[in-house]
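Below: one structure, written as structure tokens.
The values are calculated or read from the model by the stated rules, or taken from the named source; none is laboratory data. Keep in mind that this is a model prediction, so the values were computed, not measured. Cβ coordinates were reconstructed from backbone atoms using ideal geometry, including for glycine residues, and neighbour counts include every protein chain displayed.
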Amino acid sequence: MNFSTCDIWNQSIALRYPIDKIKKIGNLYFFDDNNILKCQHFFDFNVTNDDLKKMEIEINKGKSIRINYLNDSSLLKKLETWTKSMDFKCQIIDEWEAPILKLSKNQDIKKYFSLSIHSQIRKNYNLYCKNKLKYKFYDSFENSSLFLWNLVLKIDYNSWKKTENSDMKSLDREDLQYLPFLLLNKKDSSLIVMCDLNDNPLAYSLMFKNNKLWYAVKWGASNDGRKKYAGFSCLFYHLEYLYSRENSLFLDFWGRRNKTYDNLKNDYVKRKHILISRKEV
């Protein structure tokens, strides 16, 4: 189980999508995107036999079921076995090694970054250490999450993502999926916003937690922030911050083919996007 299966997440789906496009199949939630039912749960979660029976009905109606960010786990094997038994088609849309960072209390996180084998990490971490006193870092544990989220939306709006229609508001109001969890579960959410000394927002990093595992949910910088390498600085600050609170860090970067995440990892999990549908006659 993870944050994408909790009640707050499930109830937030109605804030993001049109009600008539939300499909509940058993205990699972989907967004109906032109007859492709896109699962709103990720990584690894429970799928019952009753869920599978109801998914079978939808597929036989001509729907396809897409599950993104699915770990190579017992769930994937169960779905593959079920798909074969139903004579459905299970297509792997993409597969990759998702980066993981594990640091125990016996490891020095600052040394881990400064002695990295990757020059990109060493260079940007040294730049962060040199200039971090020139900026302010606000965290959601000590500050208003709603106020900080307003800064996040400003950063998102004033970034390359807005130009390319990949900001959160352009992605089916992705912002409304994350905000309730941030507001209602402060214990298992962490948001860092980086500003200049005049409080102009430059970058942010958002993470959600399940047990001891953090997930890097969103990370971004404004156009001005990118010129100052604020995205890297905000991320380094966030990782140090979480490590200092727990004296260890277990983080799933969630990302896919992100050079920075790949350079920061010391472990990985195999992950896939899959599409289940009827075989063409």
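Before moving on, here are some points about what is shown:
- Boolean, Phe30 is in contact with a strand residue (DSSP E or B) (Cβ under 7 Å, 6 or more places away or on another chain), on the phi > 0 side of the Ramachandran plot and of a type in the set (A, V, I, L, M, F, W, C): no
- Of all residues in segment 249-281 being in a loop (DSSP other than H, G, I, E, B) and modelled with pLDDT of 95 or more, the one that is surrounded by the fewest Cβ atoms within 10 Å (Cβ to Cβ): Asn266
- Among the residues here, Gln91 does not qualify as surrounded by 15 or more Cβ atoms within 10 Å (Cβ to Cβ), polar (S, T, N, Q) and either in contact with a Leu (Cβ under 9 Å, 6 or more places away or on another chain) or farther than 26 Å from Trp254 by Cα (or both).
- Arg66 fulfils the conditions (1) surrounded by fewer than 18 Cβ atoms within 10 Å (Cβ to Cβ); (2) at pLDDT 95 or above; (3) closer than 25 Å to Arg173 by Cα except for a single criterion, (1).
- Failed condition for Asn198, given (1) farther than 23 Å from Ile117 by Cβ; (2) touching a residue at least 12 places away in the same chain (Cβ under 8 Å); (3) of a type outside the set (Lys, Arg): (2)
- So Phe232, is it part of a helix (DSSP H, G or I), in contact with a strand residue (DSSP E or B) (Cβ under 9 Å, 6 or more places away or on another chain) and farther than 23 Å from Ala98 by Cα: no
- Residue in segment 101-116 that is surrounded by the fewest Cβ atoms within 10 Å (Cβ to Cβ), counting only those that are without any contact (Cβ under 8 Å) to a residue 40 or more places away in the chain and in a loop (DSSP other than H, G, I, E, B): Asn106
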